[in-house]
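Notes to accompany the following structure.
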Amino acid sequence: MTSLAEATGHALDLLLAGDAGLWQIIAISFKVSGSAILLATPPALLTAFVLAYLRFPGRRLLISLFSTLLSVPAVVVGLTLYLLLSNQGPLGDWRLLFTQSAMVMGQVVLAFPILVAMGHAALQSVDKRAWETARTLGASLLRAFFMVLREARFGLLAALLAAYGRIIAEVGASMMLGGNILDYTRNIPTAIALETSKGEFAQGIALGAILLLLAFTLNGILQHVQGKGVPST
């Protein structure tokens, strides 16, 4: 059985040698998760803004719902979409099951409540007078909206990075909706699950190192941006 030291050394070799199979998995993972976050962010921020700045019946219920959805396991999201997209499901004619598009759908569903809940909290922290002042001075709805987003930019960036970190590392929905097909739907977490189940740890360690590096990078970006926003003394 391969020792941990040998597996780690082999993992390093795979990364440095530019192993085509390894980097194909990484590319698929970033492509799918990047597409999901781009699709989820605009409607999620708009929803967060509506919940923070408008008053309407059912508002508190919606806020509670999005907070509750934060804890829904990825495998439950995957199962729900699997049933909808399967041949016997209502969306079976779309023929999206076991495709990258299905994986994107699953990750959008996972990212959306994170963006809404954290975005709502960030927008709530902005002084309401900023919106009112902008509108009083004649700013259009769109311009006033973006002004409020700018005021909450650090909190919104934290929401964006948290959502991206969640979806690029989840395995349940990706496995069920993508099918873990080599060179098509096999991404970082599903490849790690497959390789470790076979007792082949080198590729799993290499891909895990990529996820760890991504986590450090995302945290570094957030700390850097937040640091730039702190007035010097």
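No value in this document is a laboratory result; all are computed from the given coordinates. Given the structure is predicted, the values throughout are model-derived calculations rather than measurements. Here the Cβ positions follow ideal geometry from the backbone for every residue, glycine too, while neighbour counts run over all protein chains shown.
The helix-based estimate of mean residue ellipticity at 222 nm for the chain, built from -39,500 (n - 2.57) per DSSP H run of four or more residues and divided by its residue count, is -25000 deg cm²/dmol to the nearest 500.
Relative contact order of the chain: what whole-number percent is it, with Cα pairs under 8 angstrom and at least 6 residues apart? The normalised contact order for the chain reaches 30 percent.
May I ask you to list the residues of region 208-222 whose amide nitrogen lies under 15 Å from a point 7 Å from Cα along the Cα→beta-carbon direction of Leu12? Zone members listed by number: 209-210.
Among Glu170, Glu200, a tally of other beta-carbon atoms within 10 Å of each Cβ gives an order, fewest to most, of Glu200, Glu170.
Over all projection directions, the Cα-based convex hull of region 109-168 averages an area of 4.1 nm².
Charged neighbours of Ile26, selected by a Cβ distance under 12 Å, balance to +1 (K, R count +1; D, E count -1). Ordered by the number of other Cβ atoms lying within 10 Å of each residue's own Cβ, fewest first, Met118, Met147, Met103 fall into the sequence Met147, Met118, Met103.
Measuring max minus min along each principal axis, the C-alpha atoms of the chain give extents of 69, 57, 26 Å (largest first). Per the Debye formula on identical point scatterers at the alpha carbon atoms of region 1-80, with no solvent, log10 I(q)/I(0) at q = 0.11, 0.15, 0.27 Å⁻¹ is -0.59, -0.80, -1.21. Sorted fewest first by neighbouring Cβ atoms within 10 angstrom, Phe216, Phe145 come out as Phe216, Phe145.
Global size of region 124-233: 20.6, 65 Å for Rg and Dmax (C-alpha atoms, Rg to one decimal, Dmax whole). In this Cβ point-charge picture (+1 for Lys and Arg, -1 for Asp and Glu), region 4-222 has a dipole of about 1160 debye about its Cα centre. Residues whose amide H lies under 5 Å from that of Glu200, counting only those 5 or more places away or on a different chain, are absent; hydrogens are built 1.01 Å from N in the peptide plane. On a C-alpha basis, how far is the centre of region 151-190 from the centre of region 45-108 in Å? Whole number, if you could? Region 151-190 and region 45-108 have Cα centres separated by 14 Å. Projected label points at Val75 and Ser125, each 7 Å from Cα along the beta carbon direction, are separated by 3.5 nanometres. Can you compute the FRET efficiency between Leu182 and Leu4 using 1/(1 + (r/R0)^6), with r the Cβ-Cβ distance and R0 = 35 Å? Round to the nearest 0.05. For R0 = 35 Å, the calculated efficiency reads 0.85. Relative to the longest principal axis of the Cα atoms of the chain, helix 74-85 runs at roughly 90 degrees. Selection among Gly78, Leu141, Leu110 by position relative to the dipole of region 4-222 gives Leu141 as farthest towards the positive end (Cβ unit charges, Cα centre).
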